[in-house]
1. Using a ≥ b ≥ c from the Cα gyration tensor of region 205-245 (square roots of the eigenvalues), is it rounded, prolate or oblate, where a/c under 1.5 gives rounded and otherwise the larger of a/b and b/c decides, a/b for prolate?
2. Please arrange 47, 162, 133 by how many other C-beta atoms lie within 10 Å of their C-beta, fewest to most.
3. With a ≥ b ≥ c the root eigenvalues of the C-alpha gyration tensor of region 79-192, is it rounded (a/c under 1.5), prolate (a/b larger than b/c) or oblate?
4. Give the order of 176, 189, 210, 153 when sorted by the count of other beta carbons within 10 angstrom, beginning with the fewest.
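The numbers here are math on the coordinates, done by the rules we state, and not lab data. Not measured: the values here are computed from a predicted model. No Cβ is skipped: glycine too gets one built from the backbone with ideal geometry, and neighbour counts run over all protein chains shown.
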Ligand SMILES: [Mg+2]
Ligand SMILES: [Zn+2]
């Protein structure tokens, strides 16, 4: 059962102490003690999911391209602050797409904004359980990922990792020997597309999840992603084609 009940929804309206701060530094000195307590020592760094569940079999060689995939609304259904592992549902064709990209030499890294943590909607423990389930469902279909990074913040935290900021991909590039200029992002939000362009790679936009709503914004703001795709499957095909595969 999900935790998105009314009690939890109320938490969204909790006054955010960081909104009163004006510091642009990485670690916000204004973080109030009670807030810090409620968020479990939340600093402004990105988080990396426990590597035990990701595939470490690929040895580091010369720098590889990566597919940076958004999680919610792109690889799995977006369930709005998903906190329960039993509600994880992988899109048809997602595992197959991941496999195809990996076989073609792409590292697959999930980069996901999880502001539900900062908003008090989900805990990091719940998120870890959801990620574990997500990775195991992919594995059941024979697909592995190389890494998973998440940002637990909201915009007001001024962190360096919330997409479209590049903190997570920069760190992944270092840890996985990735060439960002040859890499792609795939996601259902303008933030995902912008991340691709901010990192010097290409951003693909999918129409699953929030994609259709976001597409209107894209048109209004005359933003042209590298490609607009119906699903992650189409996006993977587009990436492979762009690489002559
Ligand atoms: Mg998304
Ligand atoms: Zn962040």
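1. The shape class here is oblate.
2. Ranking 47, 162, 133 by Cβ neighbours within 10 Å, fewest first, gives 133, 47, 162.
3. Oblate, because a/c is 1.5 or more while a/b does not exceed b/c.
4. Least crowded to most crowded, the residues run 176, 210, 189, 153.
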